[in-house]
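Below is one structure, written out as structure tokens; the observations come after it.
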């Protein structure tokens, strides 16, 4: 399996990174120079796999982040949400998840579709004053056969990360 492609754009004290492909032992992501970085944003829309070595490297890498650096994640795929839910320390407590994909499946034709959920519009994290909120669509139509699709995850498990607190 090939490693990922890392596309980095530095704008002053902000670094935007796009992760494309597989995250494992050969990933350059963990080598990015973060000196003087005040905001790191990872776009994970095209990340398609992470192995156990990649998870270990990720935890070690993000474990070095300090709260004075803003760390945001956008377009988190299913595999990243699963790691956030399962692996203690996968992301620092202050990480902002600005958007994630919610997977759906069609039981009629086996098509799959992921909806992009956005913070502030589609969901809110739990706080000391209020529980988490998610605005799920009433109906998701299959792009192939037009049947109604079903969420392809157990909501209480997949959306567990919304209950994390900073």
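The values are calculated or read from the model by the stated rules, or taken from the named source; none is laboratory data. What you see is a predicted model, and the numbers here were worked out from it, not measured in a lab. Here the Cβ positions follow ideal geometry from the backbone for every residue, glycine too, while neighbour counts run over all protein chains shown.
Residue-by-condition table, conditions (1) within 16 Å of residue 23 (Cα to Cα); (2) touching a residue at least 12 places away in the same chain (Cβ under 8 Å):
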site	(1), (2)
60	yes, yes
69	no, yes
74	no, yes
81	yes, yes
86	no, no
91	yes, yes
96	no, yes
102	no, yes
### Task
Find the strands (runs of 3 or more DSSP E) located wholly in the range 1-111 whose residues include 1 or more that are farther than 30 Å from residue 145 by Cα, and list them.
5-11, 14-23, 39-50, 70-74
#### Entry: Test for residue 94: is it surrounded by 15 or more Cβ atoms within 10 Å (Cβ to Cβ), out of contact with any strand residue (DSSP E or B) (no Cβ under 6 Å at 6 or more places or on another chain) and under 24 Å from residue 9 (Cβ atoms)
no
### Task
Mind counting the residues in the range 134-166 that are surrounded by 11 or more Cβ atoms within 10 Å (Cβ to Cβ), closer than 21 Å to residue 91 by Cα and without any contact (Cβ under 8 Å) to a residue 24 or more places away in the chain?
1
### Task
State whether one or more residues within the range 110-129 are over 14 Å from residue 164 (Cβ atoms), loosely packed, with under 15 Cβ neighbours inside 10 Å, at pLDDT below 95 and over 13 Å from the mean Cα position of the chain (by Cα).
yes
### Query
Can residue 13 be described as surrounded by fewer than 14 Cβ atoms within 10 Å (Cβ to Cβ) and at pLDDT 95 or above?
yes
